[in-house]
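The values are calculated or read from the model by the stated rules, or taken from the named source; none is laboratory data. Note that the structure is a prediction, hence the values are computed from the model and not measured. Using ideal geometry, Cβ is built from the backbone for each residue, glycine included, and neighbour counts are taken over all protein chains shown.
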């Protein structure tokens with residue numbers, strides 16, 4: 001996405017990168033909010049049906065966190081379930097910036113309609129459901145979408161092809177660090193969730 005929507009490319013398309021990023025950010029937040037609301041409503045229905053205790057919720061959060069760790073570390077050869085799909089870059093030359101930037105952001109904010117590279121995506125939607133409330137799902141989902149869009153800021157000040165290549169190399173070089181952060185997130189998020197439930201101690 002950094003190679004698709006950057007100041008140089010937007011300038012060539014007679015667009016302003018700042019405006020395109022704003023649409024991308026809004027789309028990503030809306031996509032996350034959509035999924036969060038969906039799983040929040042699902043959680044409301046499940047809670048109404050099963051009425052789980054806080055202990056059960058805590059056990060589920062911990063259990064799904066452990067499953068996420070197993071996938072992140074490829075324990076027993078596990079690989080994340082995912083579809084092999086990316087956003088359609090033909091949109092860049094076909095539509096206005098609010099369509100392609102907002103559309104790309106929305107798809108990435110949904111988390112699962114493009115290639116899934118981290119268990120944190122699935123864990124996020126599970127936590128939305130386990131919040132047991134619509135608003136809990138919305139808040140978690142919107143936060144996911146917001147954070148998901150932030151890497152785009154790496155190219156905010158790019159003003160030459162050389163600088164763009166440098167930023168893209170830096171982004172690719174950070175992939176191992178991103179994987180470690182994802183692993184830590186999969187471990188830490190359930191702990192915080194348990195603490196919020198009063199079950200962490």
- State the number of residues belonging to region 68-83 that are over 15 Å from residue 121 (Cβ atoms) and in contact (Cβ under 8 Å) with a residue 12 or more places away in the chain. 1
- Task: Considering only region 142-160, state which residues are assigned to a helix (DSSP H, G or I) and more than 21 Å from residue 72 (Cα to Cα).
- Result: 142, 143, 146, 149, 150, 152, 153, 154, 155
- Message: If I go through region 145-201 residue by residue, how many of them are exposed (fewer than 13 other Cβ atoms within 10 Å of the Cβ), modelled with pLDDT of 85 or more and within 18 Å of residue 125 (Cα to Cα)?
- Response: 0
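Yes/no per residue for (1) at pLDDT 95 or above; (2) within 30 Å of residue 91 (Cβ to Cβ); (3) in contact with a helix residue (DSSP H, G or I) (Cβ under 8 Å, 6 or more places away or on another chain); (4) part of a helix (DSSP H, G or I):
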position	(1), (2), (3), (4)
24	yes, yes, yes, yes
29	yes, yes, yes, yes
34	yes, yes, yes, yes
39	yes, yes, yes, yes
44	yes, no, yes, yes
49	no, no, no, yes
67	no, no, yes, yes
- In region 69-103, how many residues are touching a helix residue (DSSP H, G or I) at 6+ places or on another chain (Cβ under 6 Å) and either assigned to a helix (DSSP H, G or I) or at pLDDT below 85 (or both)? 10
- Message: I'd like to know if region 119-129 contains one or more residues that are surrounded by 21 or more Cβ atoms within 10 Å (Cβ to Cβ), more than 23 Å from residue 54 (Cα to Cα), touching a helix residue (DSSP H, G or I) at 6+ places or on another chain (Cβ under 7 Å) and touching a residue at least 24 places away in the same chain (Cβ under 8 Å).
- Response: yes
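What do you reckon, is residue 58 in a helix (DSSP H, G or I), at pLDDT below 95 and touching a helix residue (DSSP H, G or I) at 6+ places or on another chain (Cβ under 6 Å)?
Working: in a helix (DSSP H, G or I): yes; at pLDDT below 95: yes; touching a helix residue (DSSP H, G or I) at 6+ places or on another chain (Cβ under 6 Å): yes.
Answer is yes for this residue.
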- For region 123-156, enumerate the residues that are more than 9 Å from the chain's Cα centre (by Cα) and closer than 24 Å to residue 172 by Cβ. 150, 151, 152, 153, 154, 155, 156
